[in-house]
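*Asks:* Quick one: the structure is below, questions incoming.
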Number of protein chains: 2
Amino acid sequence: MSDASLPPALHDALLTLLGPAGFLTDATDTASFCTDWRLLYHGRCAAVLRPATTEDCAKAVALCAQYDVPMVPQGGNTSMVGGATPDESGKAVVISTTRMTRILSIDHADLTMTVEAGVTLKAAQDAAWAEDLMLPLSISSEGSADIGGILATNAGGNNTVRYGNARELALGLEAVLPDGSVLNLLRKLRKDNTGYALRQLLVGSEGTLGLITTAVLQLQPRPRSRETALCAVADAKSALALFAAFRKQDPAAIQAFEYMSGTSMALVNTLIESCPLPLSEPAPAYALVELGSPREDESLRTLMEDVLGQALEEGLVTDAVLAESETQRQNIWMIREEHAEAQKRAGASVKNDVSVPLAAIPDFIEEATKACESLVPGIRVAPFGHIGDGNIHFNLVQPEGADPAAFLAQDHALMDAVAEIVRKFGGSFSAEHGVGQLKTYMMPSWRGGAELETMRKIKNALDPKNLMNPGKIFPSH
Amino acid sequence: MSDASLPPALHDALLTLLGPAGFLTDATDTASFCTDWRLLYHGRCAAVLRPATTEDCAKAVALCAQYDVPMVPQGGNTSMVGGATPDESGKAVVISTTRMTRILSIDHADLTMTVEAGVTLKAAQDAAWAEDLMLPLSISSEGSADIGGILATNAGGNNTVRYGNARELALGLEAVLPDGSVLNLLRKLRKDNTGYALRQLLVGSEGTLGLITTAVLQLQPRPRSRETALCAVADAKSALALFAAFRKQDPAAIQAFEYMSGTSMALVNTLIESCPLPLSEPAPAYALVELGSPREDESLRTLMEDVLGQALEEGLVTDAVLAESETQRQNIWMIREEHAEAQKRAGASVKNDVSVPLAAIPDFIEEATKACESLVPGIRVAPFGHIGDGNIHFNLVQPEGADPAAFLAQDHALMDAVAEIVRKFGGSFSAEHGVGQLKTYMMPSWRGGAELETMRKIKNALDPKNLMNPGKIFPSH
């Protein structure tokens, strides 16, 4: 809330370096940087630093390191797991990338863009699109989430099934290390075997190894044709079989492949006025498939119709609607994107962002559903998500008319029940969202032994004073 | 050569653990493990350990660590840079993966295969192909190179342009760490944000952080149609423009895009009997393009003909031949693959495995050619390689009739001249081959400062006694 805890010499040096616009200490200015958007955490900070350049950022980090002041990197502040929120001690400074917003270049020969960390994902997408290119990463918070945060958390989203996670898109990187030195890996090379994969290591390290300042991102040609369909299916097994049928024909054409349970879809159709079901009757489950191609020819339409035709014939799909216009396409996507909002309107809910191998998805959903239903009779098990990546948002909505608080009192029991089934299938307790501070307690039992030990050794080697985003990823004991 | 330097207790423990087939000490048995295939290095070792399981490998590593015995992991022994050859002290043991050759599973739902480190790349390719799938990685040493080595060096090759390097294919990994603990990252998850990217870090670390024992590799549907063309072009700029034309239509269809200089092609046509030029007259340069699709329809042929037709019309391509059969396809590829052999027959040569951003390739080739020609009049500058990745094998062949030794006496001057131009364009001194022991001396000037320092910190943290593949990647000072 105030800079009381900063040593005066550091205070003055930072103010001189960053100027009043780059050095916020007033509680009204710093408040929004100290709370995550889910309102799970309410921290405090000694100051918010907003460097405008890598050079200033490096100098600021070096100064803080000199005085042993903890630093919390923060991008668009859209973490799902409190990954960018300082603790309650008020000792840390938040280093915000919000002033580093330059798009430095777009390269048509290499299909890359070089951007500063504070550029929002949406702004980067738009800049690429305007040049007839596409940044193939899309997440629901893209209007606020920035490139630094996207990379620090290795964001996923709808297009991972085709283009990989954020890590796969980062061809080059620049970061300020915990001691204030600048790690310049801003190369545009598709092949470069000259030592350790530091770029890949920094991506997904959630700000605990350094602060990402600039990145070279791989682009794609902008799609010229897209085909989008919403399909009614019997269950997740049928949805997966449909995915496999498309993949067998052309894995590269699949831009997105999403799953929605009938329960979750019914909430959307009932509670979101603009989202009626565009099929003749409700189904037990649904698949949303989007194909894309940089070509303008009819081959994509043919592919969609061939595979869906065959699937209807075989009974794999019981009904389907194809988008015949961009408006229809957006309507189908709106249905998918309103699942979180519909669940919110249905009452209290418990969220599980999990992944399992593709083959295990049907059994996982069946077993986890049973487990949750037996724990809380009347619970509405409403999974949906990126089934093509094995990533299911296994969300649980309170029984109709039940007391929200009573339901939420069972959140740990429910999460643990789901987690044990995920574990049985060799899955992950955090597919997209990262560990942050919300899930550090899960690390020892899920990633313990040699894995967590190796991570700790790397952390200690690069940040021996534990100044960079302390309390994230690693449990305190 | 002998196990003289192993403490007797360690000798006995290793023999008991691994048995006579897994513990070689006789000089005739160990000789082939102590020399690289290029015959650049002639090392010695105290023994060759050939564990048959991860468990035995872990126990052997723990024993060696206990006695401070250095360990050199070795796969198919096909390193281009001496990366798997022990030094001359004779103190190290070689740990060979040649007995870990099980293909553990092929998963059609997840499109993965799980294989032990000693499986050759060819055997893994064949196993996938037999199940109607494809392991999309191909390098010239694939008959000997094994999966452990492929991953330890982050191998590239012909299909990187479409599917990425080995690192991008490794979905899961198991490795024995320098202290003998087992790092089990054998997950089959496309999304898993639970801590640091240890898998990506291990890949490409050239055995200096641990010994890879098992991997989960991503597969693709087997291609049902392929179109292959050899095109005559004016220069690298035209080849790149042709690449961009294909990429704009369908980047995912491009399975390979290779460049061959006229000089290098002439050597092939002249010196390799089975490889005449399949075009009516020689050209200044050539592009080899291969398109692939899992579909059987005609769309790929149409794409090839459309793009080439347009390119011929615009003068971008001056002549082209399309493979009309699998035999013709193989003949075109043989021409590409015989470049190294033809250069060998033409006399002494100097090899540079470099990469630059795509946009810089034409200027790089032009400037580096001039520099080499001015250093050695009559030199035959014969570049070829994976132009779609920005990766050029900028090879230099001695003047006709010149003394090979006199030419090779200038190898450092030539390599330095090429390297300086690569550096100017933000390139890499080792695109595919890694650092090994051949190129450690280049690390400080190319990757020095915070980058090399960070690598050293990680190495010291995970291998404080420097027992795992010492002398590789890092210069001794």
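*Asks:* Is it the case, given these coordinates, that B:ARG224 is in contact (Cβ under 8 Å) with a residue 12 or more places away in the chain, touching an Asp or Glu at 6+ places or on another chain (Cβ under 6 Å), within 11 Å of chain A (Cβ to nearest Cβ) and within 30 Å of B:ARG102 (Cβ to Cβ)?
*Replies:* Working: in contact (Cβ under 8 Å) with a residue 12 or more places away in the chain: yes; touching an Asp or Glu at 6+ places or on another chain (Cβ under 6 Å): yes; within 11 Å of chain A (Cβ to nearest Cβ): yes; within 30 Å of B:ARG102 (Cβ to Cβ): yes.
Spelling it out, B:ARG224 is indeed in contact (Cβ under 8 Å) with a residue 12 or more places away in the chain, touching an Asp or Glu at 6+ places or on another chain (Cβ under 6 Å), within 11 Å of chain A (Cβ to nearest Cβ) and within 30 Å of B:ARG102 (Cβ to Cβ).
*Asks:* Would you check which residues across region B:112-135 are hydrophobic (A, V, I, L, M, F, W, C) and within 16 Å of A:GLY426 (Cβ to Cβ) and list them?
*Replies:* Residues of region B:112-135 hydrophobic (A, V, I, L, M, F, W, C): B:113, B:115, B:117, B:119, B:121, B:123-124, B:127-130, B:133-135.
Of everything in region B:112-135, just one residue is hydrophobic (A, V, I, L, M, F, W, C) and within 16 Å of A:GLY426 (Cβ to Cβ), namely B:MET113.
*Asks:* A further question on this structure: Within region A:355-391, take every residue that is assigned to a strand (DSSP E or B) and out of contact with any His (no Cβ under 8 Å at 6 or more places or on another chain) and give me the one that is surrounded by the most Cβ atoms within 10 Å (Cβ to Cβ).
*Replies:* Going through the qualifying residues, I end up with A:SER355.
*Asks:* When region A:259-293 is examined, which residues are found to be out of contact with any Cys (no Cβ under 7 Å at 6 or more places or on another chain), under 15 Å from A:ARG380 (Cα atoms) and either at pLDDT below 95 or not in a strand (DSSP E or B) (or both)?
*Replies:* Of everything in region A:259-293, those that are out of contact with any Cys (no Cβ under 7 Å at 6 or more places or on another chain), under 15 Å from A:ARG380 (Cα atoms) and either at pLDDT below 95 or not in a strand (DSSP E or B) (or both) turn out to be A:GLY262, A:THR263, A:SER264, A:MET265, A:ALA266, A:LEU267, A:THR270, A:LEU271, A:PRO284.
*Asks:* Could you please let me know if A:GLN330 is assigned to a helix (DSSP H, G or I), within 30 Å of A:GLU142 (Cα to Cα), among the polar types (S, T, N, Q) and without any contact (Cβ under 8 Å) to a residue 24 or more places away in the chain? Walk me through how you get there before you give the answer.
*Replies:* Details: assigned to a helix (DSSP H, G or I): yes; within 30 Å of A:GLU142 (Cα to Cα): yes; among the polar types (S, T, N, Q): yes; without any contact (Cβ under 8 Å) to a residue 24 or more places away in the chain: yes.
Yes.
*Asks:* Taking the conditions exactly as written (within 14 Å of chain A (Cβ to nearest Cβ), assigned to a loop (DSSP other than H, G, I, E, B) and aliphatic (A, V, I, L, M)), does B:MET100 satisfy them or not? Let's see the steps before the verdict.
*Replies:* Values: within 14 Å of chain A (Cβ to nearest Cβ): no; assigned to a loop (DSSP other than H, G, I, E, B): yes; aliphatic (A, V, I, L, M): yes.
When the stated conditions are applied, B:MET100 does not pass them.
*Asks:* Based on this model, can you work out whether B:LYS237 counts as at pLDDT 95 or above and in contact with a Pro (Cβ under 6 Å, 6 or more places away or on another chain)?
*Replies:* Numbers: at pLDDT 95 or above: yes; in contact with a Pro (Cβ under 6 Å, 6 or more places away or on another chain): yes.
In short, yes.
*Asks:* Evaluate the following for A:ARG187: is it closer than 21 Å to A:CYS57 by Cα and surrounded by fewer than 19 Cβ atoms within 10 Å (Cβ to Cβ)?
*Replies:* Values: closer than 21 Å to A:CYS57 by Cα: yes; surrounded by fewer than 19 Cβ atoms within 10 Å (Cβ to Cβ): no.
Answer is no for this residue.
*Asks:* Do you know which of the residues in region A:1-25 that are small (Gly, Ala, Ser) and assigned to a helix (DSSP H, G or I) is surrounded by the most Cβ atoms within 10 Å (Cβ to Cβ)?
*Replies:* Let us first name the residues in region A:1-25 that are small (Gly, Ala, Ser), namely A:2, A:4-5, A:9, A:13, A:19, A:21-22.
This time we only want the ones that are assigned to a helix (DSSP H, G or I), so: A:9, A:13, A:21-22.
Working: A:ALA9: 11, A:ALA13: 18, A:ALA21: 9, A:GLY22: 20.
The selected residue is A:GLY22.
*Asks:* Given the residues B:LEU267, B:LEU279, which is the only one that is aliphatic (A, V, I, L, M), in contact (Cβ under 8 Å) with a residue 40 or more places away in the chain, farther than 27 Å from A:PRO221 by Cα and surrounded by fewer than 21 Cβ atoms within 10 Å (Cβ to Cβ)? If you could, list the steps in order and put the result at the bottom.
*Replies:* Numbers: B:LEU267 fails: surrounded by fewer than 21 Cβ atoms within 10 Å (Cβ to Cβ).
The match here is B:LEU279.
*Asks:* Within region B:396-408, is even one residue closer than 25 Å to B:LYS439 by Cβ, of a type in the set (A, V, I, L, M), touching a Leu at 6+ places or on another chain (Cβ under 8 Å) and surrounded by fewer than 20 Cβ atoms within 10 Å (Cβ to Cβ)?
*Replies:* Within region B:396-408, the first condition is being closer than 25 Å to B:LYS439 by Cβ, and the residues that meet it are B:396-398, B:404-408.
Checking the rest, the ones that are also of a type in the set (A, V, I, L, M) come to B:396-397, B:405-406, B:408.
Checking which are touching a Leu at 6+ places or on another chain (Cβ under 8 Å) leaves us with B:396-397.
Within this subset, residues satisfying the condition of being surrounded by fewer than 20 Cβ atoms within 10 Å (Cβ to Cβ) are none.
Scanning region B:396-408, I find no residue that is closer than 25 Å to B:LYS439 by Cβ, of a type in the set (A, V, I, L, M), touching a Leu at 6+ places or on another chain (Cβ under 8 Å) and surrounded by fewer than 20 Cβ atoms within 10 Å (Cβ to Cβ), so the answer is no.
*Asks:* Sticking with this structure for a sec: Give region A:103-123 a look and list any residue that's surrounded by fewer than 23 Cβ atoms within 10 Å (Cβ to Cβ), among the hydrophobic types (A, V, I, L, M, F, W, C) and part of a loop (DSSP other than H, G, I, E, B), or say none.
*Replies:* Residues satisfying the conditions are A:ALA109, A:LEU111.
*Asks:* Hey, can you tell me all the residues within region A:103-135 that are within 12 Å of chain B (Cβ to nearest Cβ), among the charged types (D, E, K, R) and more than 13 Å from A:VAL216 (Cβ to Cβ)?
*Replies:* Across region A:103-135, the qualifying residue is only A:ASP132.
*Asks:* Mind counting the residues in region A:216-257 that are part of a strand (DSSP E or B) and of a type outside the set (D, E, K, R)?
*Replies:* Keep residues of region A:216-257 that are part of a strand (DSSP E or B), which gives A:216-218, A:220-221, A:225-233, A:254-257.
Filter once more, keeping what is of a type outside the set (D, E, K, R): A:216-218, A:220-221, A:225, A:228-233, A:254-257.
The number of residues fulfilling the criteria is 16.
*Asks:* Checking the structure you have, find out if any residue of region B:178-199 is facing chain A (nearest Cβ under 9 Å) and closer than 25 Å to B:ILE387 by Cα.
*Replies:* Scanning region B:178-199 turns up no residue that is facing chain A (nearest Cβ under 9 Å) and closer than 25 Å to B:ILE387 by Cα.
*Asks:* Which residue pairs have Cβ atoms closer than 6 Å, lie 6 or more positions apart in sequence or on different chains, and pair a first residue in region A:24-48 that is more than 13 Å from A:ASP87 (Cβ to Cβ) with a second residue that is in a loop (DSSP other than H, G, I, E, B) and acidic (Asp, Glu)?
*Replies:* A:THR25/A:ASP3; A:ALA47/A:ASP3
*Asks:* Quick one: would you say A:THR454 is within 11 Å of chain B (Cβ to nearest Cβ) and in contact with a helix residue (DSSP H, G or I) (Cβ under 7 Å, 6 or more places away or on another chain)?
*Replies:* Yes: the conditions hold for A:THR454.
*Asks:* Right, here's the next one. Please name all residue pairs, on different chains or six or more residues apart, with Cβ atoms under 6 Å, provided the first residue is in region B:132-152 and is of a type in the set (S, T, N, Q) and the second residue is assigned to a loop (DSSP other than H, G, I, E, B).
*Replies:* The qualifying pairs are B:SER138/B:GLY157; B:SER138/B:ASN158; B:SER138/B:ASN159; B:SER141/B:THR78; B:SER144/B:GLY76; B:SER144/B:THR78.
*Asks:* Just for helices (runs of 4 or more DSSP H) wholly inside region A:155-215: which have at least 2 residues that are closer than 25 Å to B:SER430 by Cα?
*Replies:* Details: elements: A:160-163, A:166-169, A:198-202.
Correct list: A:166-169, A:198-202.
*Asks:* Can you find even one residue in region A:312-325 that is part of a strand (DSSP E or B) and under 30 Å from B:ILE106 (Cα atoms)? Before you say what the answer is, go through the steps one by one.
*Replies:* Within region A:312-325, the subset part of a strand (DSSP E or B) is A:317-322.
From what is left, the residues that are under 30 Å from B:ILE106 (Cα atoms) are A:317.
Looking through region A:312-325, at least one residue is part of a strand (DSSP E or B) and under 30 Å from B:ILE106 (Cα atoms).
*Asks:* Touching a residue at least 60 places away in the same chain (Cβ under 8 Å), under 16 Å from the mean Cα position of the chain (by Cα) and facing chain B (nearest Cβ under 9 Å): does that describe A:GLY156?
*Replies:* Working: touching a residue at least 60 places away in the same chain (Cβ under 8 Å): yes; under 16 Å from the mean Cα position of the chain (by Cα): yes; facing chain B (nearest Cβ under 9 Å): yes.
Yes, satisfied.
*Asks:* Among the numbered criteria (1) under 23 Å from B:PRO7 (Cα atoms); (2) in a loop (DSSP other than H, G, I, E, B); (3) of a type in the set (S, T, N, Q), which one does B:THR28 miss?
*Replies:* (2)
*Asks:* Could you give me the residue pairs with C-beta distances under 6 Å whose first residue belongs to region A:308-327 and is modelled with pLDDT of 95 or more, whose second residue is surrounded by fewer than 12 Cβ atoms within 10 Å (Cβ to Cβ) and outside any loop (DSSP other than H, G, I, E, B) wherever it lies, and which are 6+ apart or on separate chains?
*Replies:* From residues that are modelled with pLDDT of 95 or more, there are no pairs.
*Asks:* Filter region A:423-451 down to the residues that are farther than 20 Å from A:GLY82 by Cα and in a helix (DSSP H, G or I), then identify the one that is farthest from the other protein chains (Cβ to nearest Cβ).
*Replies:* Here is the first cut: in region A:423-451, the ones farther than 20 Å from A:GLY82 by Cα are A:423-427, A:445, A:448-451.
Okay, now just the ones that are also in a helix (DSSP H, G or I), so A:423-424, A:445, A:450-451.
On the way: A:ARG423: 11, A:LYS424: 13, A:SER445: 11, A:ALA450: 4, A:GLU451: 6 Å.
That would be A:LYS424.
*Asks:* Of all the residues that make up region B:427-477, how many are of a type in the set (D, E, K, R), crowded, with 18+ Cβ neighbours inside 10 Å and in contact (Cβ under 8 Å) with a residue 40 or more places away in the chain?
*Replies:* Matching residues across region B:427-477 total 5.
*Asks:* Looking at A:ASP297 and the list (1) over 29 Å from A:ARG380 (Cβ atoms); (2) under 27 Å from the mean Cα position of the chain (by Cα); (3) among the charged types (D, E, K, R), which single condition is not satisfied?
*Replies:* Unmet condition: (2).
*Asks:* At pLDDT 95 or above, within 13 Å of A:GLY76 (Cα to Cα) and not in a loop (DSSP other than H, G, I, E, B) - does that describe any residue in region A:124-144?
*Replies:* So far as region A:124-144 goes, no, none of its residues is at pLDDT 95 or above, within 13 Å of A:GLY76 (Cα to Cα) and not in a loop (DSSP other than H, G, I, E, B).
The values are calculated or read from the model by the stated rules, or taken from the named source; none is laboratory data. What you see is a predicted model; the values in this text were computed from it and never measured. As a convention, Cβ positions derive from the backbone with ideal geometry for all residues, glycine included, and neighbour counts pool all protein chains shown.
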